1. Could you pull out the residue among A:Ala831, A:Ala775, A:Ala759, A:Ala766 that is within 23 Å of A:Leu883 (Cβ to Cβ), open to solvent by 30 Å² or more (accessible area, probe 1.4 Å) and at pLDDT below 95?
2. Take the residues of segment A:104-126 that are in contact with a helix residue (DSSP H, G or I) (Cβ under 6 Å, 6 or more places away or on another chain) and free of Cβ contacts under 8 Å to residues at least 24 places away in the same chain: which is nearest to A:Leu513 (Cα to Cα)?
3. Could you check segment A:59-74 and list, in sequence order, the residues that are assigned to a helix (DSSP H, G or I) and surrounded by fewer than 24 Cβ atoms within 10 Å (Cβ to Cβ)?
4. Can you pull out the residues in segment A:309-329 that are of a type in the set (A, V, I, L, M, F, W, C) and buried (at least 18 other Cβ atoms within 10 Å of the Cβ)?
5. Being more than 8 Å from RNA strand B (Cβ to nearest atom), surrounded by 17 or more Cβ atoms within 10 Å (Cβ to Cβ), in contact (Cβ under 8 Å) with a residue 12 or more places away in the chain and not in a helix (DSSP H, G or I) narrows it down to one residue among A:Leu876, A:Leu814, A:Leu789; which is it?
6. Do we find a residue being of a type outside the set (S, T, N, Q), under 28 Å from A:Ile453 (Cα atoms), open to solvent by 40 Å² or more (accessible area, probe 1.4 Å) and touching a residue at least 40 places away in the same chain (Cβ under 8 Å) anywhere in segment A:148-162?
7. Just for segment A:488-530: of the residues that are in contact with a His (Cβ under 9 Å, 6 or more places away or on another chain) and among the polar types (S, T, N, Q), which one is nearest to RNA strand B (Cβ to nearest atom)?
8. Can you pull out every residue in segment A:250-267 that is within 13 Å of RNA strand B (Cβ to nearest atom) and touching a helix residue (DSSP H, G or I) at 6+ places or on another chain (Cβ under 7 Å)?
Amino acid sequence: MLIVHKIAVNMKELEKAYEAKKYEDGIYEKWEESGLFNPDVCVEKSTAKKDAPIFSMVLPPPNVTGVLHMGHAAMLAIEDAMIRYHRMKGDRTLWLPGTDHAAIATQTKVEKLLMEKGVKDPRVELGREKFLEEVDKFAKASHDTIINQCKKMGSSLDWSREAFTLDEKRNLAVRTVFKKMYDDGLIERGYRIVNWCPRCHSTLADDEVEYKEQSAKIYIFKYSADFPFAIATTRPETKLGDTAVAVNPKDKRYKKFIGKTFKVKSFAGGADLNIEVIGDEAVDMNFGTGALGVTPAHSHVDYEMAQKNNLPVIKVIDEDGNMAADAGTVYAGLSVKDARKKVVENLRVSNLLEKEEDAPNNLSVCYRCETPIEPLPSKQWFIKVNKEFQMGPSKIMGIKEGQKTTLKKLMQAAVREGQIKIIPDRFDKTYFHWIDNLHDWCISRQIWYGHRIPVWYKGDQTYVGFEAPKDSGWQQDSDTLDTWFSSGLWTFSTLGWPDKTDDFNNYHPTSVLETGYDILPFWVARMILMTTYTLGDIPFETVYLHGLVRDEQGRKMSKSLGNVIDPLAMVEKFGADATRLSLMLGNTPGNDSRLSEEKIAGFRNFTNKLWNICRYMMMQIDFEKSEPAKPVTLADFWILERLHEIASDTSKHIEQFNFSFAGEKLRDFTWNELADWYLEISKIEGNKSGILQYILETILKLWHPFMPFVTEAIWSEIPGKKLLMAEKWPQLKKEKISGRVKDFEIIKNIITNIRSLRAEYKVEPAKKISVSIGAGKFAGLLKDNVEILQGLARIEKIQIDKSMKKPGNSVGFLESGVEVFIDLSGLVDFAKEKIRLQKEIGEVEPYIAVLKKKLSNKEFVKNAPKEIVANENAKLAEAEEMLAKLNDQLKSI
RNA sequence: GGGUGUUUAGCUCAGUUGGUUAGAGCGACUCGUUUACACCGAGUAGGCCAGGGGUUCGAAUCCCUUAACACCCACCA
């Protein structure tokens, strides 16, 4: 047996275990210094050709509200893998970073922090300017933390192009789009019912309202003693603003009252009411009393009814969440809560309250501060999604230049026509459903942190433009824009638009948008709206949606549950590569995944395994000679063929967004084939410098997008190499180098079977055994690889022939028609061996029966494809041969 | 009320257009310091693919249905 023990003299030996902490920061610095995160530099340094395909992506900008969580880490890992893959492929690859000012979220957070510091009412005490200074300070600190975290994860973002949703350039884009929309009549100011958060003191968009289930009281009451029937409500205090009662026109009980008006004197001691009875199909006759009190000012549904029926709108709740003057002097100024108690009490005293019932109810709350929302009428700016306008230059399929269309239709067309592809495609439904339910979008916010609305007023004049008009007396609107207005422009505002920049021409539309499915409506849909309208083009070609990262038990991670796993802590403990793998492998697109420290630790183990695999290979490689990777032995052919196959599959899976699959297959190959078999064989066969070097380099390249740090660390130890991140991706094709993979599998299986029998018979690992093999047509193959058999199965004496009689005192098995007998003199327990053989026969017999039944079925033979039938026949022949030999063995005992 | 997803080994999940004797990782168990790695190696056990119908020569995979869990949307007073 040949044993080669060679350590290249020019190599400093790698440490035994890979310690991520020692390498990561230094490697990131080297990457940054190279400038290669920037595609322009790649072209300059010719790692990418000028006319190479473009691959561009924007980083979904994290909110500057604090620190990154595991969801961000997953996003960074997946996007970086895509980016590194494309960069290595030689594409002109841009990944553009930035952060989001997240208007309400950030302002709320800073208010909270200031209040914790003892400032009772930050906005009142500090005033607009001072308050905004505080927010900016916080945002800056938060931004720096976030950038640092992105770097820790290894994200190869082009920092030279970093953007912020609230910086000057983005502000110009915002003003430009606002004006265009206003001029097209798509932005309009109006007095309408809006979602109002009394704590934030601002409007909210429909999708910024969340619902919390709670148990509520339903009160059934009459407006007055002489009112003909009762109605039900969960909010008695709003009834002070009722202007109608709606009933179903088919309802026999109430039909006769439709059209009549009832005067109510001082309802519950408050305002006088004028209640008109109206008919509306939407009223459910079987719910409550079948009659519905209509409060146009404080319910979206009632507001619509009021519009239809020309009812007056009386506002009885104000912006602070207190009762307004129109509620009556007794109520004015009371909080909603107190007013409710008082109305109920007054109704009870005057005997108008008929019943109180408990019922489940959905309370609408602010998504940021969980304060209950008050729907109330207010003068605000809206984007009209159903209003027709004339389309400008258009690349949107199905919508031509000059054609009349609406924003909704644009959003639908871009996805329906397949111009934008959403992965997984089931989210198409969510997208279209969201658009179907979309109402006009209220974009003005009464908060200070954000893009100021580019509108100026003077008396009753309104001016919309880029700057205040020259003449004096103009006052800018004090409101700011919904944060999604600016993030909706993100794919092109970051590329310099509205200036006609090279970046815009080169990188827009972007190739892929990768983000969590939870912000599909919030952000993705709005980007499609803004981009199709503004540019007449799509913002991105593919939307890839990842799932949420949950805790071990499948719960959302949250501070209050105390189940948050901090990405930075995991990077510190297990390394960025392990953290990345734990977020990319073992899940499927669009589905939530569970994360635990044990999972990350498992991938840390793999990181170390790869390190050691490479460490061992490097000890065997003579880098000075640089031999060609020429396969000589069966194992060589096998590993090269498998390597090429895995390389080609990895490319394929990455391009099809199957990152998990790609990584898992690559891991299985690296660990179970390369390390467990080929490297062990190389210890026996020796002299593989050329092949090992080829495998080493290829495997490091293939792993680099997934685990950039450890691969780069190893790469830097290979003499004469520069940066791995700039190396060419191995674009290998699946090819049959010799068709000998199957032959190798036979050897492998024989070894596994011998090992298994050894374990079963408790033959000590150190003890060598004698084996005789009846190999049939494979005799030559086995003889060629006898050293491998001996080495890996620990065989002392081996006899190979075409056929072999079962020696006494031996146990045997079959593999692909090859009979292997192990001499176990003194060790064989014949009773046990009998049982073992019978058990195997017991497995093969029913298998044969199934195959026979299948093949005797004429329908199967007739209908199934030829290959399948042939395949089943082959299986049957093999199984029958096996059965015969097993029976022989059994008889010979 | 409408919609989507999930249900496969003790746990976490794969299973690509229907054709395997249904796979992996972790965990469990038995061995083991053999010239990279104990963050390791060799081996073993463990599954009526949620239940019920159907389509098909053939179903974990397609259709219908029931159930449990999760999420999204709408919101009825």
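The values are calculated or read from the model by the stated rules, or taken from the named source; none is laboratory data. All values reported here derive from a predicted model rather than from experimental measurement. Neighbour counts are summed over all protein chains in view; Cβ atoms, including those assigned to glycine, are modelled from backbone coordinates with ideal geometry. The accessibility values were calculated without ligands, DNA or RNA, using every heavy atom of the protein model including side chains. Shrake-Rupley method; radii C 1.70, N 1.55, O 1.52, S 1.80 Å.
1. A:Ala831
2. In this case the residue turns out to be A:Glu111.
3. A:Met70, A:Gly71, A:His72
4. The answer is A:Leu311, A:Val313, A:Ile314, A:Val316, A:Ile317, A:Met323, A:Ala324, A:Ala327.
5. The match here is A:Leu814.
6. The answer is yes; a qualifying residue exists.
7. Top of the filtered list is A:Thr515.
8. none
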